[in-house]
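Novice: Right, I'll just put the structure down here and ask away after.
The values are calculated or read from the model by the stated rules, or taken from the named source; none is laboratory data. Here the structure is a predicted model, which is why all the values come from computation and not from measurement. Don't worry about glycine lacking a Cβ; one is built from the backbone with ideal geometry, like all the others, and counts go over all protein chains shown.
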Amino acid sequence: MDEPSAAETEEADAGGGGIIATRGLTKRFRGGQLAVDGLDLTVPAGSVFGFLGPNGSGKTTTIRMLMGLIEPTSGTARVLGRPMPRSVRTVLPQVGALIEGPALYGFLSGRDNLLRYDAADPTADPRTRRTRVAAALDRVGLTAASGKKAKAYSLGMKQRLGLASALLQPRKLLVLDEPTNGLDPQGMREIRSLIRELASDGTTVFLSSHLLDEIEQVCTHAAVMAQGRLITQGSVTELAAGTRGRLFVTTPDTGDAARVLKEQGLADVVVAEERVTAEPPDRELAEVNKALVTAGIRVRGFGVERASLEDAFVALTGEGFDVAG
Amino acid sequence: MSQAEVLRRVSPLWTFGLLRSELVTTFRRWRTLALLGVLAAVPILVGIAVKLETQDGSGPGRGDGGGPAFIAQITNNGLFLVFTALAATLPFFLPMAIGVVAGDAIAGEASSGTLRYLLVAPAGRTRLLLTKYATVMTFCLVATLVVALSALTVGALLFPLGDLTTISGTQISFADGLGRALLIALVVAASLIGVAALGLFVSTMTSSGIAAMATTVGLLITVQILDQIPQLHALQPYFFSHYWLSFADLMRDPVYWDDLVKNLGLQVLYAAVFGSAAWARFTAKDITA
């Protein structure tokens with residue numbers, strides 16, 4: 001069994017199958033609810049992969065299937081090139097995970113919580129346990145509070161401790177479900193820089209979130225789920241490029257500006273307060289600006305706004321982001 | 001990639017790290033210590049009650065044979081407090097404590113969410129279940145020894161110690177009696193194996209620690225009641241509690257083994273049946289908590 005699977009792992013590392021690859025992954029719960037429906041997800045090695053979707057879209061169920069906690073109803077899931085949940089024992093020691101928020105033993109100190117989670121991993125060397133726990137605590141900035149009982153921790157501290165448990169060993173893959181939940185802006189920034197740091201070491205990071213700008217700031221790739229289905233996946237630049245940006249003119253003479261833009265043949269001209277936007281033309285933008293200025297319009301600002309991931313999401317789903325499935 | 005050499009060399013002994021962690025975690029819980037405290041208090045109460053009642057020189061129970069086994073002999077020999085305390089705690093206090101610890105074993109981790117982190121560590125479902133069972137059995141032994149040692153201490157402080165008379169009427173030395181007391185404690189601990197397996201099975205059925213504890217203790221009480229109904233005598237030999245008090249046979253000379261062997265066999269049967277059921281359930285379960 002070892003030889004072929006070792007070969008498979010190499011193939012996955014080479015980027016063939018992806019660090020995570022699912023085919024037709026489906027989960028129907030006993031109540032009949034279809035939580036995940038025919039998911040074909042590919043997470044390239046070395047990427048910071050944003051897994052987006054409103055609450056209730058099936059993100060967490062997907063993550064639980066990837067981690068071997070839930071058996072899929074049909075379809076396959078491969079992590080590090082090996083089938084899950086069958087290869088849990090060989091795959092999971094190389095995966096750090098934060099699933100649906102941290103869970104801790106309130107009556108144990110932060111450090112003892114980590115010692116316990118580390119002892120649960122049969123591949124973790126007990127001789128280096130205390131050193132690795134101390135290093136993980138240091139990495140998330142909890143060293144000073146490591147002796148306090150976990151029930152006295154704030155939500156942000158619990159979140160950090162959860163992250164520390166994912167960092168007890170060098171990992172090939174980190175699966176982080178809503179890692180910045182409960183953190184203050186400073187904490188969020190720290191987590192983002194930690195993620196970038198880990199990614200630059202070559203760890204693939206699979207990050208689920210419902211915060212679009214968070215994904216946009218750190219992720220190289222993203223996938224969008226809604227109502228159990230995968231709507232799209234690809235690199236963040238590709239996804240954003242899918243929707244075109246908008247030409248905008250900031251001016252006090254909005255009426256005249258709108259007329260000129262229409263005369264120039266621009267479509268979808270929208271007038272807002274001191275601002276006119278339109279679909280950008282295919283020809284040189286400077287020509288449009290020249291036409292505006294020639295018409296005596298006082299232009300304060302002119303340019304094309306890059307499409308954000310949020311625009312891409314709205315374009316894909318045709319609805320606001322926070323609408324639950 | 002830099003982590004291509006992640007394949008670590010793994011010692012098979014490391015797998016016991018989880019058992020050690022489990023034992024430490026269980027015995028550091030305030031609840032566990034409270035249960036052991038209650039168990040330690042039972043012999044103290046019995047000892048004091050017997051002492052107070054016999055201060056006027058009359059024998060306890062006044063010859064009517066009431067109360068737990070051996071209670072009449074305590075005033076002559078403090079060692080009998082060990083047997084009395086075990087006979088008093090075995091029907092309810094001890095199995096209730098086991099039910100709480102066993103019922104909470106998996107369900108408690110599920111309700112606090114720590115179960116998912118243990119499993120992605122990855123603890124391994126079979127390994128985690130075996131570790132939990134080993135821990136519950138250790139608790140059975142510790143709980144029984146707490147009762148026995150507390151009783152021995154109280155017995156030694158309040159009553160004389162010395163050679164003792166067996167149920168069969170023969171005399172054995174104090175050292176021999178002490179040996180039998182230890183043997184009885186071990187048999188009592190082994191009598192709890194069945195409840196432990198039952199509790200662990202219930203624990204895999206739910207994600208609520210409280211529900212699992214309540215169900216296990218409820219089952220225990222139900223079986224104890226059913227064991228008292230004469231019409232059910234055909235079923236009674238299969239109740240896990242039916243031969244519990246057979247440990248008294250160790251105080252016969254020679255020891256009467258029949259019921260003792262039946263008791264231990266029944267416990268093994270319960271462990272096999274409910275252990276397998278717990279394994280089948282736990283290894284196939286979707287962990288959604």
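Novice: Would you check if B:Tyr117 is within 14 Å of another protein chain (Cβ to nearest Cβ), touching a helix residue (DSSP H, G or I) at 6+ places or on another chain (Cβ under 8 Å) and of a type in the set (Phe, Trp, Tyr)?
Specialist: It is true that B:Tyr117 is within 14 Å of another protein chain (Cβ to nearest Cβ), touching a helix residue (DSSP H, G or I) at 6+ places or on another chain (Cβ under 8 Å) and of a type in the set (Phe, Trp, Tyr).
Novice: Check A:Arg111, A:Arg129, A:Arg89 and return the single one that is basic (Lys, Arg) and buried (at least 20 other Cβ atoms within 10 Å of the Cβ).
Specialist: On inspection, the qualifying residue turns out to be A:Arg111.
Novice: Let me ask something else. Here are some residues: A:Thr76, A:Thr131, A:Thr123, A:Thr90. Which one is over 21 Å from B:Ala289 (Cα atoms), assigned to a strand (DSSP E or B) and either within 8 Å of chain B (Cβ to nearest Cβ) or of a type in the set (S, T, N, Q) (or both)?
Specialist: Just one listed residue meets the conditions, A:Thr76.
Novice: When you scan region B:59-95, how many residues do you find that are outside any loop (DSSP other than H, G, I, E, B) and at pLDDT below 85?
Specialist: 7
Novice: Against the conditions (1) surrounded by fewer than 20 Cβ atoms within 10 Å (Cβ to Cβ); (2) in contact with a strand residue (DSSP E or B) (Cβ under 9 Å, 6 or more places away or on another chain), where does A:Gln186 fall short? Just the number, please.
Specialist: (2)
Novice: Going by what's in this entry, would A:Gly38 be described as small (Gly, Ala, Ser) and outside any loop (DSSP other than H, G, I, E, B)?
Specialist: yes
Novice: Of the residues A:Ala240, A:Ala291, which is out of contact with any strand residue (DSSP E or B) (no Cβ under 9 Å at 6 or more places or on another chain), surrounded by 12 or more Cβ atoms within 10 Å (Cβ to Cβ) and within 30 Å of A:Ala21 (Cβ to Cβ)?
Specialist: None of the other options fit; the residue is A:Ala240.
Novice: To continue, here is another question. Given (1) more than 10 Å from chain B (Cβ to nearest Cβ); (2) in contact (Cβ under 8 Å) with a residue 60 or more places away in the chain, where does A:Ile99 come up short, assuming only one miss?
Specialist: Here A:Ile99 clears every test but (1).
Novice: Looking only at strands (runs of 3 or more DSSP E) that lie completely in region A:212-325, which have at least 1 residues being at pLDDT below 75?
Specialist: The strands (runs of 3 or more DSSP E) meeting that bar number zero.
Novice: Consider only pairs whose beta carbons are under 7 Å apart and that are at least six residues apart or on different chains; among these, list those whose first residue lies in region B:28-45 and is within 14 Å of chain A (Cβ to nearest Cβ) and whose second residue is assigned to a helix (DSSP H, G or I).
Specialist: Cβ pairs passing all conditions: B:Thr32/B:Thr26; B:Thr32/B:Val101.
Residue-by-condition table, conditions (1) away from chain A (no Cβ under 14 Å); (2) at pLDDT 90 or above:
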{"site": "B:Leu192", "(1), (2)": "yes, yes"}
{"site": "B:Phe201", "(1), (2)": "yes, yes"}
{"site": "B:Tyr238", "(1), (2)": "yes, no"}
{"site": "B:Gly275", "(1), (2)": "yes, yes"}
{"site": "B:Phe282", "(1), (2)": "no, yes"}
{"site": "B:Ala289", "(1), (2)": "no, no"}
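Novice: Right, something else. Against the conditions (1) surrounded by fewer than 24 Cβ atoms within 10 Å (Cβ to Cβ); (2) among the hydrophobic types (A, V, I, L, M, F, W, C); (3) part of a loop (DSSP other than H, G, I, E, B), where does A:Leu104 fall short? Just the number, please.
Specialist: (1)
Novice: Moving to a separate point now. I'm checking my understanding of the structure. Among residues of region A:251-280 that are surrounded by 18 or more Cβ atoms within 10 Å (Cβ to Cβ) and of a type in the set (Val, Ile, Thr), which one is nearest to the chain's Cα centre (by Cα)?
Specialist: Filtering first and then ranking leaves A:Thr277.
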